[in-house]
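Read the figures in this text as sums done on the coordinates, not as results from a lab. Here the structure is a predicted model, which means the values were calculated and not measured.
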Amino acid sequence: MTAFDQDPVPDRSRVDEALRRWLTAVLAVTGGAALLLLLGVTVVEVIARHLFGAPLLGAEDLTSMGLTVLVAAAVVCAAREGTHVSVELIERFAGSSVTRATDVVARVLGAAAAAVTAVALFANGSCGIKCGEVTGTIAIVHTPFYYALGACMATYSLLLASRLVRGRAAREEDDSRARGI
C-alpha cells in the first residue's frame, strides 16, 4: 500500500469525538477553576468576617459571576457526558415506540429553547456597560459572562441537535448510560 492509496481525509467520527472531548475538557477545567474561585472567596470572606469583623468587599459579586461560569460549563459538560437527570415514565406506560417520538419532540424543543436563550444572552451581552449591566458592589461588567453563557447555550443547542440527527445511536447511548453500562 502506498501513501496514495490511503484516505487523505481522517475518519469524521474520530474528529468529531476528539473535538467533543476537547470541548468537554476545556469546559471542565474552566468550571473547576470557577469552583476553586468560589471556594477561595467564600473561605476568605468567612475568615475576614468572623475573625476580623471586616467583610470582603465584592465577595458577592465575585461569587455570583464565578457561579455563572460554573453553571455555563456544567450545562455543556453534563450534556456531552449524558448526565442530565431524566425520568423514563413515558416508556413505562406507553412503550419504547412512543418514547422515540417524545424524545424527538423533547430534543427539538430543547435545542430551540437553548438557541433562543443563546441569542437573548448575546443580545443582552452586546449592550454591556451602556445599559448598566454591572454587578452591584465592585461593578464587574456582565458582558463577558453573558457571552460565556450564550456560547455554552449555543453549544448545548448544537449537542441536542446532533443527537437528534444521530437518532437511534444517541438513544442507545443514552440508554446504556442510564443503566450504568
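Details
- The three principal axes of the C-alpha atoms in segment 111-152 carry coordinate ranges of 35, 16, 12 Å, sorted with the longest axis first.
- log10 of Debye I(q)/I(0), alpha-carbon scatterers only, for segment 13-178 at 0.15, 0.18, 0.21 Å⁻¹: -0.92, -1.13, -1.33
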